[in-house]
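Here the structure comes first, spelled out in structure tokens, and everything after it is commentary.
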There are 2 protein chains.
Amino acid sequence: MKHDEMGIVSAPERRLVKQLRASNTRFSAADSTLAVSGKNQKLTDDWESKKLDLVAGGRLLQDGLVYRQNISVRSFEIGGDRKMSFGALLNHLQDTALNQGIITGLLVDGFGSTREMSRNNLIWVVSTLHVVVVRYPTWTEVVEVDTWMYASGKNGLGRDWIFRDSKTGETLANATSVYVMMNRETRKLSKFSKEMRDELEPYFMDCECPIINKDGRKILKLDVTAADQRCTGLSPGWKDMDINQHVSNVKYIDWILESVPHSLMERYDLNVMTLEYKKECDMDSVLQSLSKRVSEGNTDSFSASEVVEFDHLLRLENGREILRGRTVWKLRDTNNCVNSYVY
Amino acid sequence: MKHDEMGIVSAPERRLVKQLRASNTRFSAADSTLAVSGKNQKLTDDWESKKLDLVAGGRLLQDGLVYRQNISVRSFEIGGDRKMSFGALLNHLQDTALNQGIITGLLVDGFGSTREMSRNNLIWVVSTLHVVVVRYPTWTEVVEVDTWMYASGKNGLGRDWIFRDSKTGETLANATSVYVMMNRETRKLSKFSKEMRDELEPYFMDCECPIINKDGRKILKLDVTAADQRCTGLSPGWKDMDINQHVSNVKYIDWILESVPHSLMERYDLNVMTLEYKKECDMDSVLQSLSKRVSEGNTDSFSASEVVEFDHLLRLENGREILRGRTVWKLRDTNNCVNSYVY
């Protein structure tokens, strides 16, 4: 354990940091940043200046363990119905998580890795993601996002989000995700070392408390012969890769949605998405996206259903499983359409 | 002319509005919004509340004719090099233009049309777009965007943008675009009526002053047989349509970039893009993207060139021209890479 470099080692010290953060939560984001970063003086000057650049307006709450940021729904984030797209919502999951890492100083290499992870050539990868959307916000609406971290088992990082209407406090969406560590070179998963756990722990909420109760039903591997929708020959483009050389999460979701009938999307909103990532794929991968309606009824006829449910499978053409998922779709309430302009 | 509904009719009245706007530019965006919207009391309450929702932080300058907004480069807007993507930059062209429309009250139907246009079932379509990028901003950098409008010929709306480093004032990018009006039903172009001109004129800068001097060389139609790069079978997805039932501008640019060799993109930055939109396409269109290197040298070997230039053509499979374009690429200055982290 390198005390001088870590800055934080013992439980009493961690408590002290939490107290310090708590005393800062009444200040603005910039103030908090300065105060919190005082605990991490070894951070590079470059990152210090970057933190001050953050005009996202984020700030720390609840002993510094919850990051809150307002986001305004932009014109380029909406679909034809003027509502924020599911993909845009996912973008903000990633973005607010990273912003918390910047503002607290936990993130040192610029894309989510801590100091100790960086030293060991480790990056975060998403293991599971579960999103429940109650109502999609519309263009120009302001959404308040809260996010926080906690330990998930021995080798996982849990992270939750709440999206709220900033005016009314109404919950718009909840999300919960588990990340694990992967070696950047070998692409193998890694256990948390003691040093990594000590580094992360001061930033964890004390309970293992995913905001979304896991759907008890295990997602079974979709029987390929039973799929009633399939897209083949899917391949990531150069612009779908993130800086960790992953295919970006949003691209996976694009592929899943490509295999959902358009006739469904025209009248139903995506309400729940549960994903289990099995293996990464790269620029040269060629994939198939398979879907099967699991709720009762015919895949091409949704007229009688309030709720429609699909199982999904993304796999390589050689059959290797990349991701399995489940989506739940709810009949759109046209009376509840905030932007019902005639156009 | 419906005086009571227009609110603004004569030249003296227009001058008055400009003076009123000028007196508001020292206030915050919210203050300006309230004051300016006082001139347009017939706007729906819904839009009034939406204007106040804008946390974009935009404000009006220079007699209220220039809209300025800071944007922070988000994690989901960057590519593998941690710099803002060209597509993300284009998103902010559209977004700041619309925000100006909201804050001034000129925009009434929610996606760019004025009151008079809306009454005549007209929408804006892009005719030409010219973008010059000097330096791509990096993740978390704050960019100050200025945009303004002016008359472009008898039936065009000119709009310019400057993107600056908010700290140094360094110009990052300039863009200039011409929009024309199209009937939403017939999809035919329309002339400006006197009423539409009167409605727009108070918001125009007084000179016809595109910030980018037009490249004198006309973009000739690419000789299809001479193309040295082509992608075929391109088709928009449901998520590529905007609320005016256009294929979104960014999608066109994706298609153009798909036909540029990846070996070029790895070492060159897109420096200039000039586009002339010829015809729209819809969900059922199947397109080809053709490119031809017009600067000297072999398409697959760029090693000796500081600058590489391409002509582009997007066309329907039946040969009908959708868009012609030109791109200029500059050898990346790796020493000038702000975020040269090892990862």
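The values are calculated or read from the model by the stated rules, or taken from the named source; none is laboratory data. Quantities reported herein were computed from a predicted structural model and do not represent experimental measurements. Ideal geometry is used to build each Cβ from the backbone, glycine not excepted, and the neighbour counts take in all protein chains shown. Accessible surface areas use protein heavy atoms only, side chains included; no ligands, DNA or RNA. Shrake-Rupley method; radii C 1.70, N 1.55, O 1.52, S 1.80 Å.
Here are a few things to note about the model shown:
- Convex hull volume per residue in cubic angstrom - Cα atoms of region B:116-180: 112
- The mean number of Cβ atoms from other chains found within 10 Å of a Cβ in peptide B:72-82 is 6, as a whole number.
- Close amide H pairs (under 5 Å, H built 1.01 Å from N) link A:SER152 with A:LEU157, A:GLY158, residues at least 5 positions away or on another chain.
- With its label point put 7 Å out from Cα toward Cβ, B:LYS167 sits 3.7 nm from the same residue's point in the other copies, in order from shortest.
- Total formal charge among the other residues, if their Cβ is under 11 angstrom from that of B:TYR277, Lys/Arg +1 and Asp/Glu -1: 0
- Of B:LYS83/B:LYS278; B:LYS191/B:LYS278; B:LYS154/B:LYS279, pairs whose Cα-Cα distance is over 25 Å: B:LYS83/B:LYS278
- Amide H contacts for A:LEU287 (H built 1.01 Å from N in the peptide plane; partners 5 or more residues away or on another chain; cut-off under 5 Å): A:GLY233, A:LEU234, A:SER235.
- For the axis carrying chain A to chain B: nearest C-beta residue of A, whole Å: A:GLY57, 4
- Accessible area buried by the pairing of A and B, both sides summed with a 1.4 Å probe, works out to roughly 4300 Å².
- Label-point distances for B:ASN121 to the equivalent site in the other copies, using a point 7 angstrom along Cα→C-beta, read 6.5 nm when ranked shortest first.
- Alpha-carbon Debye profile of region B:240-289, log10 I(q)/I(0) at 0.18, 0.26, 0.33 Å⁻¹: -0.68, -1.11, -1.44
- Computed from backbone phi with θ = phi - 60° and the Karplus coefficients 6.51, -1.76 and 1.60, the 3J(HN,Hα) list for region B:219-226 is 7, 7, 5, 5, 6, 4, 6, 8 Hz; x is used for glycine and proline.
- Of the trypsin sites (Lys or Arg not before Pro) found in region A:111-173, those in coil by DSSP whose Cβ has at most 13 other Cβ atoms within 10 Å are A:LYS154, A:LYS167.
- DSSP-loop GluC sites (Glu not before Pro) across region B:96-196, with at most 16 other Cβ within 10 angstrom: B:GLU170, B:GLU185
- Loop-located chymotrypsin sites (Phe, Trp or Tyr not before Pro) across region A:216-295 with a Cβ neighbour count of 10 or fewer within 10 Å are lacking, with loop assigned by DSSP.
- Built amide H within the under 5 Å cut-off of A:ASN70, gap 5+: A:VAL145
- Label-point spacing for A:MET283 across the identical copies (point 7 Å from Cα in the Cβ direction), in nm and ascending order: 3.4.
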